[in-house]
Amino acid sequence: MKSTIGRRLGYAFLVMIALMTAMVGITLRGFDKVISSLDNMEREAVKRGASGNLRFGIAQLLMASNDYIITENEYFQREYNRLSSRVDEFYDQFIQLPLTEEEQQLLAGIKQDLDSIRTYSAQIFAIPNPRQSPKAWALMETIDYRFGNDVNQKTTEIFDGISRRIQQHR
């Protein structure tokens, strides 16, 4: 009878070990999913920050161009040049991130708008006394209302898409 009880206890012990091993395996798989989800959330959060930096940088660039027309102060032209290189840095940082196809398309549109902003701003800076020039004001309105609004729309689409994916990973 002793061997029968020992065998029964051994069998129960083996079943417990098997169940514990299965529980550990299930827990580890769940842990891997959580870690993967956290990694995805972190990656998306970095992209969201990069899109915000790009949007803010372009808004500052527009303000420097506008301030130049209003004040005719050379400081704002220098500030425009400084901000322009900063926007390039933000763009380069953003393009290096793992982007979806939609984000890549929107970013290409942002780059086109940015190039147009630079072209129009160069025309503004070439106008003597831009404050008195209707052409300078018309160029500024085009920059602000066409290209500035397009950039805002596209960066908002990127930002919203990233925010949705972050919510899905939670």
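See the values below:
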{"item": "The range 57-83, subset without any contact (Cβ under 8 Å) to a residue 40 or more places away in the chain and of a type in the set (D, E, K, R), residue nearest to residue 135 (Cα to Cα)", "result": "67"}
{"item": "Residue 128, sole failed condition from (1) without any contact (Cβ under 8 Å) to a residue 24 or more places away in the chain; (2) part of a helix (DSSP H, G or I)", "result": "(2)"}
{"item": "Residue in the range 65-77 that is aliphatic (A, V, I, L, M) and at pLDDT 90 or above present", "result": "no"}
{"item": "Residue in the range 66-109 that is nearest to residue 136 (Cα to Cα), counting only those that are among the aliphatic types (A, V, I, L, M) and in a helix (DSSP H, G or I)", "result": "69"}
{"item": "Flag if residue 118 is surrounded by 15 or more Cβ atoms within 10 Å (Cβ to Cβ), modelled with pLDDT of 90 or more and of a type in the set (D, E, K, R)", "result": "yes"}
{"item": "Single match in 18, 126, 22 (criterion: farther than 17 Å from residue 159 by Cβ, hydrophobic (A, V, I, L, M, F, W, C) and at pLDDT 90 or above)", "result": "126"}
{"item": "Some residue of the range 83-104 being within 15 Å of residue 55 (Cα to Cα), open to solvent by less than 50 Å² (accessible area, probe 1.4 Å) and of a type in the set (S, T, N, Q)", "result": "yes"}
{"item": "Condition met for residue 139 (buried (at least 17 other Cβ atoms within 10 Å of the Cβ), closer than 19 Å to residue 54 by Cα, in contact (Cβ under 8 Å) with a residue 12 or more places away in the chain and not hydroxyl-bearing (Ser, Thr, Tyr))", "result": "no"}
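The values are calculated or read from the model by the stated rules, or taken from the named source; none is laboratory data. Keep in mind that this is a model prediction, so the values were computed, not measured. Every residue, glycine as well, gets a Cβ built from its backbone with ideal geometry; the counts of neighbours run over all protein chains shown. Note: accessible area is taken over every heavy atom of the protein model, side chains too, but ligands, DNA and RNA are not part of it. Shrake-Rupley method; radii C 1.70, N 1.55, O 1.52, S 1.80 Å.
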